[in-house]
Amino acid sequence: MDKVRFGLIGHGCRGWGLLEILLSLDDVEVVAVCGKYEDRAESAFNKAKEKRGFTPFKTTNYKELLALDNVDAVLISTDWELHIP
């Protein structure tokens with residue numbers, strides 16, 4: 001079975017927990033991380049790279065992550081205020 005390639009948007013408390021879970025799964029690869037704040041995106045990038053040795057795409061613009069061809073699924077873990085259209 002091929003690995004599911006995930007993008008993760010949001011790296012607050014819940015986002016960190018989701019990142020840890022994704023990185024613990026053998027059939028998942030975290031290929032992209034996106035955070036509203038550069039320091040959080042950078043921390044998630046470093047965590048994914050350190051744990052798996054793979055260099056994910058990093059951005060603070062969610063539209064860039066959504067435009068990637070190598071992302072199979074996206075988990076969105078953002079503040080509730082960002083869920084309102």
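Taking PHE45 as the residue in question, decide whether it is surrounded by 14 or more Cβ atoms within 10 Å (Cβ to Cβ), at negative phi and at pLDDT 95 or above. Write out each step before concluding.
On the way: surrounded by 14 or more Cβ atoms within 10 Å (Cβ to Cβ): yes; at negative phi: yes; at pLDDT 95 or above: no.
Against the criterion (surrounded by 14 or more Cβ atoms within 10 Å (Cβ to Cβ), at negative phi and at pLDDT 95 or above), PHE45 does not qualify.
Are any of the residues in region 32-42 among the β-branched types (Val, Ile, Thr) and open to solvent by less than 30 Å² (accessible area, probe 1.4 Å)? Yes, because at least one residue in region 32-42 is among the β-branched types (Val, Ile, Thr) and open to solvent by less than 30 Å² (accessible area, probe 1.4 Å). Looking at this structure, is ASN61 among the polar types (S, T, N, Q) and in contact (Cβ under 8 Å) with a residue 24 or more places away in the chain? Yes; evaluated as a whole, the condition is true for this residue. Listed conditions (1) free of Cβ contacts under 8 Å to residues at least 40 places away in the same chain; (2) among the β-branched types (Val, Ile, Thr); (3) touching a helix residue (DSSP H, G or I) at 6+ places or on another chain (Cβ under 8 Å) are all met by VAL74, apart from (1). In region 1-30, the residues that are within 15 Å of SER43 (Cβ to Cβ) form Cβ pairs under 6 Å with partners that are in a helix (DSSP H, G or I) and open to solvent by less than 70 Å² (accessible area, probe 1.4 Å), at six or more places apart or across chains, as follows: LEU8/LEU19; HIS11/ALA44; LEU19/ALA44; VAL30/LEU22; VAL30/ALA48.
The values are calculated or read from the model by the stated rules, or taken from the named source; none is laboratory data. Only a predicted model underlies this, so the values are computations on that prediction, with no experimental measurement involved. Ideal geometry is used to build each Cβ from the backbone, glycine not excepted, and the neighbour counts take in all protein chains shown. Ligands, DNA and RNA are excluded from the accessible area calculation, which covers all protein heavy atoms including side chains. Shrake-Rupley method; radii C 1.70, N 1.55, O 1.52, S 1.80 Å.
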